[in-house]
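Colleague: Okay, handing you the structure first.
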Amino acid sequence: MVSRKSKVQSPKSAGRALLTLDFGLWTLESLAVFPLLFSLLALAGCGVQGEPLPPLLNLPQPAEISAVQRGDKALIDWALPALTTEGQAVRADKLGPVEVYRAIIPGLRREVGRGEFESAAQRIAELPVRESHYAAELKPEGPPHTAAFAIRLLNDRGHNAGFSNVVAIAVVPPPAAPAWLRATATEEAILLEWPPAPGAASYHVYRSEQTPRPEQGAQAPPPLLLLGNADKAGYADPNFEFGQEYRYLVRAVATRDGFSGESADSPPAVVRPQDVFPPGVPSGLVGLVTEPTAPGQPLAVELSWEPSSAHDLAGYNVFRSDAGAPPRRLNPGLLLAPAFRDAAVQPGVSYSYSVSAVDQKGNQSARCEPVRVRP
């Protein structure tokens, strides 16, 4: 039987207004501690972790590829994706090789469906990690056919996220490439010449700027751009700048049932045009004698001519020949206007005048036809 006793608190414990009840070895005060202990234990249980997350697959997203026929090869290009299928950045140490697949489809086609491709595709190459270009062999001979291509990007465990897009090339027997190419700079255009290529229906002309522009960066490779088409051998490129270096090449083009294919590249032609071309010879030179209007004023010869149309004109020079002597320049500096006044003349003496034009590079034209003036 549990005994119950009440105690009156001593003065030392006057600050405690609690009545202590004894329950054997435990007091009511000690029992009050249990709820706090239970609460602490319950809170400690809140740190238990849930189910572990599965590891990342590290599968690169399927690439986007492009392909063109160049001679008897298909040139395939792609860019490595930046993200995995889980939206994570692609890690170089988690990449595997690149597989290239090809399917041969009868007939000439512009597109090949994914299902048709996958049912006929065969792996033709396995490329090193981070490769982004491949030249596949074509067989233009034989019945008309289409070569379709796709790639798969593997991770380091040999897994992939599927094929890239499928590109189709209607294979056309290519013409021969032009045997040589010559580039000649003129004032108005860079003239390209090459011999006719057997089997060519037309030609594609390409150009790259060998001197990088500031916006391209010093290390940027010069892009090769299609400049234009030519129905026959020969092309004039009027869009150039003096001092800039250009690289040209030409590809012959053959056609088959509405499809076309390019030859391999011609030998390149590199040219850096320099402005060594003077302005046109001035025309319309006229000389008039002006009589003195007041005592003591000398005679003078007033010269004028048609303005030059040169876009880089710097000015003019005026020459005079006296009594069969060699012409000498009269103006100390270039004349900016098409007019000149010669006051150093003598009555009764015949003078021969001529004019030349000078551009901003210092190229000087020939002198115009002289005019003879006798004050």
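Colleague: Looking only at residues that are among the aliphatic types (A, V, I, L, M) and part of a loop (DSSP other than H, G, I, E, B) in segment 73-116, which one is farthest from the chain's Cα centre (by Cα)?
Modeller: 108
Colleague: Looking at segment 246-265 only, could you name the residues that are at pLDDT below 95 and either at positive phi or charged (D, E, K, R) (or both)?
Modeller: Passing the criteria: 256, 257, 258.
Colleague: Can you pull out every residue in segment 73-116 that is within 26 Å of residue 250 (Cα to Cα) and touching an Asp or Glu at 6+ places or on another chain (Cβ under 7 Å)?
Modeller: 73, 78, 108
Every residue, every condition in (1) more than 17 Å from residue 364 (Cα to Cα); (2) among the hydrophobic types (A, V, I, L, M, F, W, C); (3) loosely packed, with under 11 Cβ neighbours inside 10 Å; (4) in contact (Cβ under 8 Å) with a residue 24 or more places away in the chain, yes or no:
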position: 295; (1), (2), (3), (4): yes, no, yes, no
position: 303; (1), (2), (3), (4): yes, yes, no, yes
position: 308; (1), (2), (3), (4): no, no, no, yes
position: 324; (1), (2), (3), (4): yes, no, yes, no
position: 338; (1), (2), (3), (4): no, no, no, yes
position: 346; (1), (2), (3), (4): yes, no, yes, yes
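Colleague: Can you tell me which residue within segment 145-181, out of those that are in contact with a helix residue (DSSP H, G or I) (Cβ under 8 Å, 6 or more places away or on another chain) and in a strand (DSSP E or B), is nearest to residue 267 (Cα to Cα)?
Modeller: Among those that are in contact with a helix residue (DSSP H, G or I) (Cβ under 8 Å, 6 or more places away or on another chain) and in a strand (DSSP E or B), it is 148.
Colleague: So is residue 103 of a type in the set (A, V, I, L, M, F, W, C), more than 19 Å from residue 61 (Cβ to Cβ) and modelled with pLDDT of 95 or more or not?
Modeller: yes
Colleague: Right, another one. So, in segment 133-144, exactly how many residues are assigned to a loop (DSSP other than H, G, I, E, B) and either surrounded by 22 or more Cβ atoms within 10 Å (Cβ to Cβ) or in contact with a strand residue (DSSP E or B) (Cβ under 9 Å, 6 or more places away or on another chain) (or both)?
Modeller: 5
Colleague: Among the residues in segment 117-127, are any surrounded by 14 or more Cβ atoms within 10 Å (Cβ to Cβ) and assigned to a loop (DSSP other than H, G, I, E, B)?
Modeller: yes
Colleague: Residue by residue through segment 56-72, note down the ones that are in contact with an Asp or Glu (Cβ under 9 Å, 6 or more places away or on another chain) and either part of a strand (DSSP E or B) or of a type in the set (Phe, Trp, Tyr) (or both).
Modeller: 65, 66, 67, 68, 69, 70
Colleague: Now a separate question. Taking segment 237-269 on its own, how many of its residues are surrounded by 13 or more Cβ atoms within 10 Å (Cβ to Cβ) and within 19 Å of the chain's Cα centre (by Cα)?
Modeller: The qualifying residues number 7.
Colleague: Right, another one. Which of the strands (runs of 3 or more DSSP E) contained wholly in segment 222-268 include at least 3 residues that are touching a residue at least 60 places away in the same chain (Cβ under 8 Å) and in the same structural domain as residue 191 (by TED's automatic domain parsing)?
Modeller: 246-256, 259-262
Colleague: Just the residues that are acidic (Asp, Glu) and either under 29 Å from residue 91 (Cβ atoms) or modelled with pLDDT of 95 or more (or both), please, taken from segment 138-160.
Modeller: Correct list: 156 only.
Colleague: Kindly state which strands (runs of 3 or more DSSP E) lie completely within segment 280-373 and contain at least 2 residues that are among the polar types (S, T, N, Q), over 30 Å from residue 241 (Cβ atoms) and at pLDDT 95 or above.
Modeller: Result: 351-359.
Colleague: Could I ask something else about it? Check segment 173-184 and report whether any residue there is hydroxyl-bearing (Ser, Thr, Tyr), within 22 Å of residue 274 (Cβ to Cβ) and within 25 Å of the chain's Cα centre (by Cα).
Modeller: No, segment 173-184 has no match at all.
The values are calculated or read from the model by the stated rules, or taken from the named source; none is laboratory data. Since the model is a prediction, treat every value here as computed from it, not as a measurement. When we count neighbours, we look across all protein chains shown, and the Cβ atoms used for this are built from the backbone with ideal geometry, even at glycine.
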